[in-house]
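The values are calculated or read from the model by the stated rules, or taken from the named source; none is laboratory data. Note that the structure is a prediction, hence the values are computed from the model and not measured. Every residue, glycine as well, gets a Cβ built from its backbone with ideal geometry; the counts of neighbours run over all protein chains shown.
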Amino acid sequence: MKSQAELLEVANHELEAFSYSVSHDLRAPLRHIAGFVDLLLRHNEAQLDETGQRRLKLINESARRMAQLIDDLLVFSRMGRAELQRSRVDLNAMVKTVLADLEQETRGRQIRWVINRLPQVEGDPSMLRLALTNLMGNAVKYTSTREEAVIEIGAVEEAPDGIEVFVRDNGVGFDMTYVEKLFGVFQRLHRQEEFSGTGIGLANVRRIIHRHGGRTWAEGALDQGATFHISLPRHEEGKEDRPWAA
């Protein structure tokens, strides 16, 4: 007889495999939809009235948004199956890399970055970079209504549960009543018309940090900014083979 934990693990693996399969199979028909709409707009736009053109563009936009949702869901699925590649990670260098990656989103914006000294941590570089990209990208997005955005990145090395890293912004914030929804798949506290997104980024952050044996949490208030925290276990010499979450 399998234990409850073993049955739960099997169920989780089956769910991840199902999500991956469904997401992968949905991509081809969506590409066909977007491709044929592009052809119609390119070759038959002059024959369509304004309403027809608007409807085709709406179909195209919806198909592309669904494709992005699927891509993000595939990334989320992989996060649960990929093997962790553990090494020492310089967070200062990683933040600089992420800033360069965000150049297109920040171009033309007035953003004051306050980047404190960050420690080295033990973790999977690719996964931690994705987590930082999501946190910093969210800060850029949700400060877009500010004349001057202020985004601070810092760390607390002597936190009770390890090394804490935070990203703080002066953006639109959120109601703490719904704080746990932030980290759920497809959970969003703002309308698509206000801020674009798929609602998977923070779920990926939570999954990545959980797999590292850490935790995630957030604080904020409406129109008063937000702070997102992650914690990672402190590296201990002589414990190189410490197991991580599966």
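Identify all residues within the range 162-181 that are modelled with pLDDT of 85 or more and in a helix (DSSP H, G or I); write none if there are none.
Selection gives Met176, Thr177, Val179.
Within the bounds of the range 190-205, is there any residue that is crowded, with 21+ Cβ neighbours inside 10 Å, at pLDDT 90 or above and out of contact with any Asp or Glu (no Cβ under 6 Å at 6 or more places or on another chain)?
Looking through the range 190-205, at least one residue is crowded, with 21+ Cβ neighbours inside 10 Å, at pLDDT 90 or above and out of contact with any Asp or Glu (no Cβ under 6 Å at 6 or more places or on another chain).
Of all residues in the range 98-130, which are farther than 22 Å from Pro233 by Cα, β-branched (Val, Ile, Thr) and either surrounded by 12 or more Cβ atoms within 10 Å (Cβ to Cβ) or not assigned by TED's automatic domain parsing to the domain that holds Ala155 (or both)?
Val98, Thr106, Ile111
From Val172, Val165, which residue is within 16 Å of Ser231 (Cα to Cα) and either crowded, with 19+ Cβ neighbours inside 10 Å or free of Cβ contacts under 8 Å to residues at least 24 places away in the same chain (or both)?
From the options Val172, Val165, the qualifying one is Val165.
Whether any residue in the range 211-218 is part of a loop (DSSP other than H, G, I, E, B), surrounded by fewer than 16 Cβ atoms within 10 Å (Cβ to Cβ) and modelled with pLDDT of 90 or more is what I want to check.
No, there is no match, as no residue in the range 211-218 is part of a loop (DSSP other than H, G, I, E, B), surrounded by fewer than 16 Cβ atoms within 10 Å (Cβ to Cβ) and modelled with pLDDT of 90 or more.
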